[in-house]
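Just so you know, all these numbers are worked out from the coordinates, no wet-lab data involved. Treat the numbers as computed from the prediction; the structure is a model and nothing was measured. Neighbour counts run over all protein chains shown; Cβ positions are idealised from the backbone, glycine included.
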Amino acid sequence: MLYKKIPGDPQARFYTSKCKYCGKPYIKFQNATKFCSDTCRYYSDLEHTEERVRKHRKNHSKTDNYWGLGTGYLHGTPKNDFEDEHAAIQSEYRRLKIPAK
Ligand SMILES: [Zn+2]
């Protein structure tokens with residue numbers, strides 16, 4: 001139906017509903033509306049983003065090697081000082097949980 005629903009129009013359909021964020025009852029003019037105001041929608045979006053990010057981080061921390069094979073903190077160019085290079089290799093062993101020799 002191509003009928004533009006205007007709030008205040010007696011012909012407009014409206015529904016009463018509870019806001020999904022603050023829980024207050026309000027009148028809505030579109031069935032898909034879930035929040036009483038833009039502020040409630042904004043804060044609800046923020047909370048859901050937080051939740052989603054937390055879930056994502058939790059899922060990825062479960063995998064032992066998040067960055068995949070073939071990556072490490074050792075670079076192509078070795079350090080000039082042998083002691084420094086040795087320390088870097090030792091710390092890489094610890095990071096990758098490989099028993100050091
Ligand atoms: Zn609300």
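Shown is the FRET efficiency for Tyr42 and Tyr15, computed with R0 = 25 Å from the Cβ-Cβ distance and rounded to the nearest 0.05: 0.70.
For the listed peptides 50-59, 14-23, a ranking on the average number of other beta carbons within 10 Å per residue, highest first, reads 14-23, 50-59. Contact order, relative form, for segment 15-62: 26 percent (alpha carbon pairs under 8 Å, 6 or more residues apart, mean separation divided by residue count). Each other residue within a Cβ distance under 15 Å of Cys22 adds +1 if Lys or Arg and -1 if Asp or Glu, for a net charge of +3. Does a label point 7 Å from the Cα of Glu51, set along Cα-to-beta-carbon, have any residues of segment 25-41 with amide nitrogen under 20 Å, and which are they? 25, 32-41, by backbone N distance to the label point.
Only Lys, Arg, Asp and Glu carry charge here, each on its Cβ (+1 for the first two, -1 for the last two); on that basis segment 15-62 has a dipole of about 280 debye about its Cα centre.
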